[in-house]
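Have a look at the structure below before the remarks.
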Amino acid sequence: MSAGSSYHVPVLFEPTIDVLNVKPDGIYVDGTAGGGGHASAVAAKLTSGHLFALDQDPDAIKAAGTRLADLPATVIQTNFRDMKAVLAERDVFAVDGVLLDLGVSSHQLDDGSRGFSYHADAPLDMRMSQSGKTAADLLNESTGGDLVRIFRDYGEEKFAKPIAAAIVREREKDPTWTTTRLAELIANAVPAAARRDKHPARRVFQALRIAVNGELELLPKALEDAFSLLKPGGRLAVITFHSLEDRIVKEQFARFCVGCTCPKEFPVCVCSKTPPGVLALRKPVTATDEELAENPRSRSAKLRCIEKIHELYDKT
């Protein structure tokens, strides 16, 4: 089965489908369906089971809808943060597996008009849902201090202060932002040495995208909701693309694997709490050399997976 799609090239395709351990009669959720690459592979394994494919991007919904049309799947336009609610509306309260492929899709990057990439001149948009405030709005409405925080916290940008100061100066002259205007401003605001290796705008563009779409704020609660939906034996697989979101996933998975909550000074456990989850992958899976050659965007991708043992703090 081909993993490719004209909308989006799914990364870590085979290991992701393998680790989900799809049951033919199972209920599955792809919370970030994109073009339906991973989703179609899961749905193709189902007989009496069903897949719910979610995405907030209207373009993704169209692409996934076409790809999943003849498969046991329901496509829903929504943010994965609302997963529990949209499933409850369909009388689904427990599932056998959930997949979250985080970050920006190939289509969103390649469609210059969406404003995600500094390689194409376009209005500075970056909205995955195509609704709400744009990245340009964020630049114009944020204080200089807020911009510094965004660039540092979400982009780990060392030169956040001079970049933010340059933006504040320039928006007074002209509040109309395009991708290339911002990229050029960033390049001029950082030292020459910072322009030699990777594009100096890369971290700021990542930070703006994360801020506009609320990606990191939504993730912890989304992970909790997804894990709570799992049946015992069900699995939650998450693909991350940068250290900030991967750290959140890693730490949340670690909490799901904690059992005893007795104080450290207790000589023996008296709470009888056992871990609600166990890691299905001891280490994150990364792209092979073959995949890297075919899809360089998979370079930073990491796949983590956890299996649910029982509900939180049930006694064995």
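The values are calculated or read from the model by the stated rules, or taken from the named source; none is laboratory data. Model, not experiment: these values are computed from the prediction. Reconstructed Cβ throughout: ideal geometry from the backbone, glycine too, with neighbour counts over all protein chains shown. These area figures cover heavy atoms from the full protein model, side chains too; ligands, DNA and RNA do not enter into them. Shrake-Rupley method; radii C 1.70, N 1.55, O 1.52, S 1.80 Å.
A few points about this structure:
- Within region 24-64, being open to solvent by 10 Å² or more (accessible area, probe 1.4 Å), in contact with a strand residue (DSSP E or B) (Cβ under 7 Å, 6 or more places away or on another chain) and farther than 21 Å from Asp225 by Cα holds for Pro58, Ile61.
- Where a residue in region 38-53 is closer than 10 Å to Val22 by Cα and its partner, wherever it lies, is open to solvent by less than 50 Å² (accessible area, probe 1.4 Å) and of a type in the set (Gly, Ala, Ser), with Cβ under 6 Å and at least six apart: Ala43/Ala73; Gly49/Gly26
- In this structure, Lys231 does satisfy being of a type outside the set (A, V, I, L, M), over 17 Å from Leu102 (Cα atoms), in contact with a strand residue (DSSP E or B) (Cβ under 7 Å, 6 or more places away or on another chain) and surrounded by fewer than 19 Cβ atoms within 10 Å (Cβ to Cβ).
- Number of residues in region 287-308 that are open to solvent by less than 80 Å² (accessible area, probe 1.4 Å) and in contact (Cβ under 8 Å) with a residue 40 or more places away in the chain: the value is 13.
Results for (1) in contact with a Cys (Cβ under 7 Å, 6 or more places away or on another chain); (2) of a type outside the set (Asp, Glu); (3) within 30 Å of Ile309 (Cα to Cα); (4) open to solvent by less than 30 Å² (accessible area, probe 1.4 Å), shown as yes or no for each residue.
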position	(1), (2), (3), (4)
Thr74	no, yes, yes, no
Met83	no, yes, yes, yes
Ala88	no, yes, yes, no
Gln108	no, yes, no, yes
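- Single unsatisfied condition, Ser40 versus (1) within 30 Å of Leu208 (Cα to Cα); (2) in contact with a helix residue (DSSP H, G or I) (Cβ under 9 Å, 6 or more places away or on another chain); (3) polar (S, T, N, Q): (1)
- Contacts under 9 angstrom Cβ, first residue in region 10-33 being within 13 Å of Val98 (Cα to Cα) and free of Cβ contacts under 8 Å to residues at least 40 places away in the same chain, partner surrounded by fewer than 24 Cβ atoms within 10 Å (Cβ to Cβ) and of a type in the set (D, E, K, R), 6 or more apart: Ile17/Lys45
Here is a yes/no grid of residues against (1) within 14 Å of the chain's Cα centre (by Cα); (2) open to solvent by 50 Å² or more (accessible area, probe 1.4 Å); (3) more than 17 Å from Phe116 (Cβ to Cβ):
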position	(1), (2), (3)
Lys158	no, yes, yes
Glu172	no, yes, yes
Pro175	no, yes, yes
Thr180	no, no, no
Ile186	no, no, no
Gln206	yes, no, no
Ile210	yes, no, no
Pro220	yes, no, yes
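- For Phe93, the conditions (1) hydrophobic (A, V, I, L, M, F, W, C); (2) over 19 Å from the mean Cα position of the chain (by Cα); (3) part of a helix (DSSP H, G or I) are fulfilled apart from (3).
- Qualifying residue in region 221-237 (condition: touching a Phe, Trp or Tyr at 6+ places or on another chain (Cβ under 9 Å) and among the aromatic types (Phe, Trp, Tyr)): yes
- Hey, Gln252 in a helix (DSSP H, G or I), open to solvent by less than 50 Å² (accessible area, probe 1.4 Å) and either out of contact with any His (no Cβ under 7 Å at 6 or more places or on another chain) or more than 29 Å from Ser105 (Cα to Cα) (or both) or not: yes
- Selection status of Ser129, under 23 Å from the mean Cα position of the chain (by Cα), hydroxyl-bearing (Ser, Thr, Tyr), open to solvent by 60 Å² or more (accessible area, probe 1.4 Å) and more than 14 Å from Leu208 (Cβ to Cβ): no
- Of all residues in region 119-171, those being over 20 Å from Glu245 (Cβ atoms), small (Gly, Ala, Ser) and part of a helix (DSSP H, G or I) number 6.
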